[in-house]
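Q: Below you'll find the structure I mean.
Coordinate-derived values only; no laboratory data. Since the structure is predicted, the reported quantities are computational estimates derived from the model, not experimental observations. Here the Cβ positions follow ideal geometry from the backbone for every residue, glycine too, while neighbour counts run over all protein chains shown.
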Amino acid sequence: MTTNRTPRIGVDLGGTKLEAVALDASGTLLWRERIATPKHSAEAIYDAIAALVLRGEGNVGAACSVGIGTPGSLSPKTGLLRGSNTVVLNGQPVKQAIEERLSREIRIANDANCFALSEAVDGAGKGAASVFGVIFGTGCGAGVVVNGRVIDGLHRIAGEFGHNPLPWPDDDELKDRGAHGCYCGKSGCIETWLSGTGIAKHFNANRTGEPLNPAQIVDLAASGDVLAEAYLTRVEDRIARALATVINLLDPEVIVLGGGVSNIGRLYTNVPPLLPNYVFSEFVETKIAKNVHGDSSGVRGAAWLWA
């Protein structure tokens, strides 16, 4: 029987690693282990996850609830996984297979949902009734948490704002969007502009020399480079536009940023003053916050799926 006092195991199912943690009811870390993700078959991954869970329970000395975070999501029509970067799992009955090995119910959620839940429970959004957690990383995923619960949506795509177009584009952005298509088949998606990959790609397309990543662009701007500074100013305005659409639609109390782009400290100073230009309100008090748990947010959020 699972209760609020039952220890929770969370598993982050990544393309290169499996990470698992056990948390007590207060969120204190009891155990952590990382292993390489098996590559050759779905069955090997199921076995590895089950073995991780059993080792975790052995370490904490108790049966635990189990939550798993993974890129992609379970189709509400078929129950099969879709959109995972662990490609051998796409189209597979992942939840059922792991439940059979552990002889209990488990919960599975998209990794961005797990990030948002972690930060809502005991991270940057702790105490807020509504939290939007967005990961500006290789891609651009997000999750919505209301009153401590993940909002999945009818199609289990709630929070996928990265595949909406960049709002209020200027003439240059409209001209550029066709040159930077998204893997989803559309062009102009927020992800193509504001993921770490997108930020670097747009900057490097207009300069010569070695390609720079976002952190290097920030350093270049800090050194006085006029072009880098002008570019980051545009990035900040694009982030403000993208987040304004979230505020206009959901009006969350807190928006938590994750992924590599969240480490750009100037965002937290420069983006909030831009929001009133785009938000449909005479004032904007939405908190824009950096994540608290960093790379551990996903695996912690998986554990909190049973909170």
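Q: Give me the percent of DSSP beta bridges within the chain that run antiparallel, rounded to the nearest 5. Provide the component values of the computation, followed by the final result.
A: Working: 26 of 44 bridges.
Taking every DSSP beta bridge within the chain, about 60 percent pair in antiparallel fashion.
Q: Also, I was wondering about something else. What distance in nm separates the simple spin-label points at Thr269 and Asp170, each placed 7 Å from Cα in the Cβ direction?
A: Each label point lies 7 Å from its Cα, and together they span 2.2 nm.
Q: Could I ask something else about it? Under 20 Å from the 7 Å Cα→Cβ point of Glu210, by amide nitrogen: which residues of the range 221-250?
A: From the range 221-250, the list is 221-229.
Q: Further question: What net charge is computed for the residues neighbouring Thr245, neighbours being all others with C-beta under 13 Å from the C-beta of Thr245, Lys and Arg scored +1, Asp and Glu -1?
A: 0
Q: Along the Cα→Cβ direction, 7 angstrom out, place labels at Val226 and Thr78. What is the inter-label distance in nm?
A: So the two model labels end up 5.5 nm from each other.
Q: When Val94, Val66 are ordered from fewest to most other Cβ atoms inside 10 Å of their Cβ, what list results?
A: Ordered by Cβ neighbours within 10 Å, fewest first: Val94, Val66.
Q: So, one more: Once fully extended, how much extra length lies between Val88 and Ala62, figured as 0.36 nm per residue of separation less the alpha-carbon to alpha-carbon distance?
A: Answer, rounded to one decimal: 6.2 nm.
Q: Give, as ranges by residue number, the residues of the range 178-201 whose backbone N falls under 19 Å from the point 7 Å along Cα→Cβ of Thr16.
A: From the range 178-201, the list is 196-198, 200.
Q: What residue among Trp193, Trp31, Trp168 shows peak mean-square fluctuation when the chain is described by a Gaussian network model with Cα springs under 10 Å?
A: In the Gaussian network model the winner is Trp168.
Q: If amide hydrogens are placed 1.01 Å from N in the peptide plane, which non-local residues have theirs closer than 5 Å to the one on Ser187?
A: Excluding prolines and chain starts, which carry no amide H, the hits are Cys182.
Q: Which whole-angstrom value gives the distance between the alpha carbon centres of the range 267-307 and the range 1-57?
A: For the range 267-307 versus the range 1-57, the Cα centre distance is 27 Å.
Q: Same structure, new question: Counting only GluC sites (Glu not before Pro) that are in a DSSP loop and have at most 10 other C-beta atoms within 10 Å, tell me the longest site-free stretch of the chain.
A: 1-281
Q: For Thr197, Thr6, Thr192, which order do you get if you count the other beta carbons within 10 Å of each Cβ and list the fewest first?
A: Going from sparsest to densest Cβ surroundings: Thr6, Thr197, Thr192.
Q: Still on this structure, please answer the following. Residue by residue through the range 75-85, what is 3J(HN,Hα) from phi via Karplus (6.51 cos²θ - 1.76 cosθ + 1.60, θ = phi - 60°)? Round to whole Hz and write x for glycine and proline.
A: My calculation for the range 75-85 gives 5, x, 8, 10, x, 8, 6, 9, x, 8, 7 Hz in order.
Q: Still on this structure, please answer the following. Please report the net charge: other residues with Cβ closer than 14 Å to the Cβ of His180, K and R +1, D and E -1.
A: That works out to +1.
Q: Taking the Cα of Ala44, stepping 7 Å toward and past its beta carbon, and measuring to each backbone N in the range 54-92: which are under 12 Å?
A: Residues 88 qualify, since their backbone N sits under 12 Å from the label point.
Q: Work out from phi, with θ = phi - 60° and the Karplus expression 6.51 cos²θ - 1.76 cosθ + 1.60, the ³J(HN,Hα) of each residue of the range 31-38, listed in order in whole Hz, and give x for Gly and Pro.
A: 6, 8, 8, 10, 9, 5, 6, x
Q: If the reach is capped at under 22 angstrom between alpha carbons, list the lysines near Lys95, excluding any in the same chain fewer than eight residues apart.
A: Straight-distance partners of Lys95: Lys17, Lys39, Lys77.
Q: Return a single number: how many Lys pairs in the range 124-291, at a sequence separation of 8 or more or on separate chains, have alpha-carbon atoms below 27 angstrom apart.
A: So the count of such lysine pairs works out to 6.
Q: Return the calculated 222 nm mean residue ellipticity for the chain, to the nearest 500 deg cm²/dmol, obtained by summing -39500 (n - 2.57) across DSSP H runs with n ≥ 4 and dividing by the residue count. Before the final figure, lay out the partial values.
A: On the way: 10 runs with 106 residues, N = 307.
The helix-only estimate for the chain comes to -10500 deg cm²/dmol at 222 nm.
Q: Continuing with the same structure: Report the calculated FRET efficiency for Asn248 and Asp219 (r = Cβ-Cβ distance, R0 = 25 Å), to the nearest 0.05.
A: The computed FRET efficiency comes out at 0.15.
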